[in-house]
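Student: Below is the structure I would like to discuss, written out as structure tokens.
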Amino acid sequence: MALSNLGTAQIQEKDRNYVFHPSTHLAKHSRGETPNRVMAGAEGVYIWDTEGRKSLDGFGGLYCVNMGYGCKEIADAISEQAHELPFSHVYASQSTKAVTLLAEAVVEYFGENMRRVYFGLSGSDANETNIKLVWYYNNILGRPAKKKIISRQRGYHGSGLITGSMTGLAFFHNHFDLPLDIVRHTTTPHWYRQAQEGETEEAFSRRCAAELEALILAEGPETVGAFIGEPVLGTGGIVPPPKGYWVEIQAVLDKYDILLIADEVVTGFGRTGEKFGSHLYGMRPDLVTIAKGLSSAYLPISGSIIGERVWSVLEQGSEKFGPLGHGWTYSGHTLCAAAALANIKVLRERNILEHVRDVGPYWLEQMKSKLEGHPMVGEVRGIGILSAVEFMRDPAKRVPFDVSLQVGVRAAAALLENGVIARAMPHADTLGFAPPLIIKKEEIDIIVDATARAVDTTFKALQGEGSL
Ligand code: PLP
């Protein structure tokens, strides 16, 4: 469907004049000094722009287009729902078929002791809901001081007020008066970067748990309400946890009666090869945040899955105080729910979990065999269809590049020249990959070869300008 006959240059001009882009240098964009691709169409794992330039989308949008582009079942479900009933709210017990069936599908997909789902529109708003529920829960239980939230340095949980505060990356705090004082940050579970000389992964995990416990004791356990973490650190660098990490952390949380929020916005719905990252690492969350893979981004929808421990207290709260005062107009939006329901159906029918378990290890093996040992590659890591390559000036001694060299950004640009989109992650010089889960082995080979060439090109350019 053509929105207009305007050419690329005219769209770009309007874009510079009217659009406020997230995470963008605003002044340079207005002056036309940033790359300003106008995307026009997509199919499978490929996306192309208005100039007809086609790229393999190695980051699946923003790790969200899990079922790939052009998924007919999801598009048809949206269209049918739009004709039948585009929107009906779900306030005050009113409901729709779509939201009811979706909630059942999500609770069953997670399994274990999950009870209800509250739907929102973004990962940020779902995390905001979860924090409000932690506060409400402790108020109902008569523990009004138990409100602080502990997250990790380099964790990512959104960019709102509380969610941006929980995010442990300075870029999302600077000049916004964040983080809020209710949030504390603990050790990043990145063994390659944080381990002490001779420390094993298991010993490092024990140290992370000990540092968390020391923080809880310093703050006072009676003031700490919840710990939030991504099963696999995402925007902070795509880092699978060190061995034993979540079991150690869970034990500390249990000891001090602190709720666990698993932020599964990236890891949920099969990205790691398990239904959820929590299942893979033995986490026992009380609240689970979902978004992205819930609808494969065909429409925006997120959710807070509420476990038994919290749910029973929320019900007690209503008995005591009446209806819960929380809701967005678009909670459980009918069209978005229909899209998510179709997405989960496709995920099950195409046996995507099996597929991820097959191609994920292949991918990591290929990445390691082509990139490990390169003079500027520090670490190649990943799990399922989620991986990263971190660059170092001196990989053996783990010495990073000077940030001003923008090595990650340059490698991503070189890779784009080779026809593949990856993301220069906002922390350190790391290329992140999270293509649609439907990716085939031949397409993985294309990404790996293109990446190896891009890394070489970047290295030679750095050598050429004397930056090494
Ligand atoms: N949580 C995690 C783990 C994320 O990766 C993201 C976004 O990338 C969010 C929360 C925020 O989601 P949104 O951008 O939809 O608000």
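Student: Can you find a residue in the stretch 242-265 that is within 16 Å of the ligand (Cβ to nearest atom), assigned to a loop (DSSP other than H, G, I, E, B) and closer than 21 Å to Arg115 by Cα?
Tutor: Of the stretch 242-265, the ones within 16 Å of the ligand (Cβ to nearest atom) are 246, 260-265.
Retained after the next criterion (residues that are assigned to a loop (DSSP other than H, G, I, E, B)): 264-265.
Keeping just the survivors that are closer than 21 Å to Arg115 by Cα gives 264-265.
The answer is yes; a qualifying residue exists.
Student: Can you tell me which residues in the stretch 302-347 are outside any helix (DSSP H, G or I) and of a type in the set (A, V, I, L, M)?
Tutor: Residues of the stretch 302-347 that are outside any helix (DSSP H, G or I), as a first pass: 302-307, 322-333.
Result: Ile305, Ile306, Leu324.
This table checks each residue for (1) open to solvent by 70 Å² or more (accessible area, probe 1.4 Å); (2) closer than 29 Å to Leu437 by Cα; (3) modelled with pLDDT of 95 or more.
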| position | (1), (2), (3) |
| --- | --- |
| Gly327 | no, no, yes |
| Ala342 | no, yes, yes |
| Glu354 | yes, yes, yes |
| Glu372 | yes, yes, yes |
| Phe401 | no, no, yes |
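Student: May I ask you to list the residues in the stretch 55-74 that are within 16 Å of the ligand (Cβ to nearest atom) and open to solvent by 30 Å² or more (accessible area, probe 1.4 Å)?
Tutor: Gly61, Leu62
Student: Could you list, ordered by first residue, the pairs with Cβ atoms under 7 Å in which the first is in the stretch 148-163 and in contact (Cβ under 8 Å) with a residue 60 or more places away in the chain and under 18 Å from Gly225 (Cβ atoms) and the second is in a strand (DSSP E or B) and of a type in the set (Ser, Thr, Tyr), at least 6 apart or interchain?
Tutor: Ile150/Thr186; Arg152/Thr186; His157/Ser151
Student: Any idea which residue in the stretch 101-115 is nearest to Pro285 (Cα to Cα), counting only those that are assigned to a loop (DSSP other than H, G, I, E, B) and not charged (D, E, K, R)? I'd like the intermediate steps shown before the answer.
Tutor: In the first step, residues of the stretch 101-115 are kept if they are assigned to a loop (DSSP other than H, G, I, E, B); the result is 111-113.
Retained after the next criterion (residues that are not charged (D, E, K, R)): 111, 113.
Working: Gly111: 12, Asn113: 9 Å.
So the residue we want is Asn113.
Student: Something else about it: Would you point out which residue out of Ile306, Ile290 is within 16 Å of the ligand (Cβ to nearest atom) and closer than 24 Å to Leu353 by Cα?
Tutor: Ile290
Student: Conditions: (1) at pLDDT 95 or above; (2) away from the ligand (no atom under 16 Å from the Cβ); (3) loosely packed, with under 12 Cβ neighbours inside 10 Å. Asp15 meets all but one. Number of the miss?
Tutor: The failed condition is (3).
Student: Which strands (runs of 3 or more DSSP E) does the stretch 116-230 wholly contain that include 2 or more residues that are within 16 Å of the ligand (Cβ to nearest atom) and not aliphatic (A, V, I, L, M)?
Tutor: Fully inside the stretch 116-230 and qualifying: 148-152, 224-229.
Student: Here is a follow-up. Please verify whether the stretch 358-369 includes one or more residues that are closer than 26 Å to Ser122 by Cα and within 21 Å of the chain's Cα centre (by Cα). I'd like the intermediate steps shown before the answer.
Tutor: Kept after step one, since they are closer than 26 Å to Ser122 by Cα, are these residues of the stretch 358-369: none.
Taking every residue of the stretch 358-369 in turn, none turns out to be closer than 26 Å to Ser122 by Cα and within 21 Å of the chain's Cα centre (by Cα).
Student: Let me ask something else about it. Go over the candidates Glu379, Glu372, Glu349, Glu354 one by one and state the one that is free of Cβ contacts under 8 Å to residues at least 12 places away in the same chain, more than 23 Å from Tyr109 (Cα to Cα) and of a type outside the set (Gly, Ala, Ser).
Tutor: On the way: Glu379 fails: free of Cβ contacts under 8 Å to residues at least 12 places away in the same chain; Glu349 fails: more than 23 Å from Tyr109 (Cα to Cα); Glu354 fails: more than 23 Å from Tyr109 (Cα to Cα).
Every option except Glu372 fails the conditions.
The values are calculated or read from the model by the stated rules, or taken from the named source; none is laboratory data. It should be emphasised that the depicted structure is a prediction, and the values quoted were computed from it without experimental measurement. Here Cβ is always computed from backbone atoms with ideal geometry, including for glycine, and neighbour counts include all displayed protein chains. Each accessible area value is taken on the protein alone, full model and side chains, heavy atoms only, with ligands, DNA and RNA left out. Shrake-Rupley method; radii C 1.70, N 1.55, O 1.52, S 1.80 Å.
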